[in-house]
Amino acid sequence: MTASRAYNPGVLPSGRRLALALTADGEVDLVRCLVETLGGVVDRVVVVEGRTTFHGDRRDVLGGQWARLLGVPESLFRSIVIELPPRGATGVGLRRRELIQRSAIALGVRDLAADDLVLAVDSDEFVDPDWLVAHEADIHNPTRLLLIPMFGGLDRRAADWHCCRDHLTLTPGVWPTPDNGFLFPGGVIGPVGDLAGRGTHDWRGHPVRSLGPAGWHLLHVLPADDDPARKHARQAHDWDERADTSHMRRALRLGVHPYGWWSAFEMEVPARLRFVADRHPQAVLGPLPRAADREATLRRWWAAFADDVG
């Protein structure tokens, strides 16, 4: 675990305060890099943790230790730790637990002005501070942020990372092509006053979306416990029997979706994320293997998946 740079709080050009609100599950290095990326425009950091996973199993929380780990002054930090329904609770699934955790964000910003902004993202959703400076004055409603999707490395861009079963049943190459340049609808930003009676989970369904890419989605970059399969195992992928650690590592190395849905392509490390690459060189994967090898793997893995669900 590497040391943090000095935290640099700040305000936006309009004078509005911006709170960064994270739902976290122990991804310390990833969260630290995210917080540092937004230094100079964020003057409060809120970390929300549940005492169970989204599947309802007990988990350890860091609580107030986050302030020290992130190098954020305690006066600018809020820790929210909540109880979530345990595994087996009647009528409660992972999405309900996720909704409860996101709703708790309001507890960390209730003393801010109604027109101040809260930026609510997952720990792998990195927002570009330049985008915030350029657009914050025009944000008067909850806005979904479109992010450039990455896959495994800061130098790999994916066409679309989504891996729910309904999407995977589409034959490779015939799914609808997004009209947004393959941008991922990620976290949200909006006025604190709009949280009254609702949560940021509800904001994610708001029709307003950001103008152009607002940042990057670092899927499987700096995974918690260095296990790239953990994100699948802890959330919506109980059915996902093939996404074990060794298979996910092969997928990341090849730049091929673990079910052969698509093959990623190379990109330059964004300038704003260069410090992440310098600190964590393993987050830069380098040239992709030969296209012919990746295409053969893509077809083989997708055929195996189609047999499994057929």
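For the range 264-273, check the following and say yes or no: at least one residue is over 16 Å from the mean Cα position of the chain (by Cα), outside any loop (DSSP other than H, G, I, E, B) and at pLDDT below 90.
Looking through the range 264-273, at least one residue is over 16 Å from the mean Cα position of the chain (by Cα), outside any loop (DSSP other than H, G, I, E, B) and at pLDDT below 90.
Would you check which residues across the range 100-119 are under 23 Å from the mean Cα position of the chain (by Cα) and more than 15 Å from residue 43 (Cα to Cα) and list them?
100, 101, 102, 103, 104, 105, 106, 107
Within the range 117-157, restricting attention to residues that are of a type in the set (Val, Ile, Thr), in contact with a helix residue (DSSP H, G or I) (Cβ under 9 Å, 6 or more places away or on another chain) and within 23 Å of residue 269 (Cβ to Cβ), which residue is modelled with the lowest pLDDT?
Looking at the filtered set, the residue picked out is 121.
Does at least one position in the range 217-231 carry a residue that is open to solvent by less than 40 Å² (accessible area, probe 1.4 Å), over 17 Å from the mean Cα position of the chain (by Cα) and modelled with pLDDT under 95?
no
Just the residues that are modelled with pLDDT under 85 and either buried (at least 18 other Cβ atoms within 10 Å of the Cβ) or of a type in the set (S, T, N, Q) (or both), please, taken from the range 191-211.
200, 201, 203
Quickly run through the range 93-105 and pick out the residues that are crowded, with 20+ Cβ neighbours inside 10 Å and not polar (S, T, N, Q).
Within the range 93-105, 97, 102, 104, 105 qualify.
Return yes or no: is residue 134 of a type in the set (Gly, Ala, Ser), under 30 Å from residue 274 (Cβ atoms) and in a strand (DSSP E or B)?
No.
Residue-wise test of (1) in contact (Cβ under 8 Å) with a residue 40 or more places away in the chain; (2) open to solvent by 20 Å² or more (accessible area, probe 1.4 Å).
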| site | (1), (2) |
| --- | --- |
| 51 | no, yes |
| 58 | no, yes |
| 71 | yes, yes |
| 85 | no, yes |
| 91 | no, yes |
| 111 | no, yes |
| 120 | yes, no |
| 140 | yes, yes |
| 154 | yes, no |
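Just the residues that are surrounded by 14 or more Cβ atoms within 10 Å (Cβ to Cβ) and hydroxyl-bearing (Ser, Thr, Tyr), please, taken from the range 73-83.
Of everything in the range 73-83, just one residue is surrounded by 14 or more Cβ atoms within 10 Å (Cβ to Cβ) and hydroxyl-bearing (Ser, Thr, Tyr), namely 79.
Looking only at the range 244-283, count every residue that is open to solvent by 10 Å² or more (accessible area, probe 1.4 Å) and aliphatic (A, V, I, L, M) and tell me the total.
So the answer is 5.
Before we move on, is residue 129 open to solvent by less than 30 Å² (accessible area, probe 1.4 Å) and not small (Gly, Ala, Ser)?
Yes: the conditions hold for residue 129.
The values are calculated or read from the model by the stated rules, or taken from the named source; none is laboratory data. Owing to the predicted nature of the structure, the values given are computational and were not obtained by experimental measurement. A quick note on method: Cβ atoms are made from the backbone with ideal geometry, for glycine too, and the neighbour counts reach across all protein chains shown. Side chains are part of the model used for accessible areas, which takes the heavy atoms of the whole protein and leaves out ligands, DNA and RNA. Shrake-Rupley method; radii C 1.70, N 1.55, O 1.52, S 1.80 Å.
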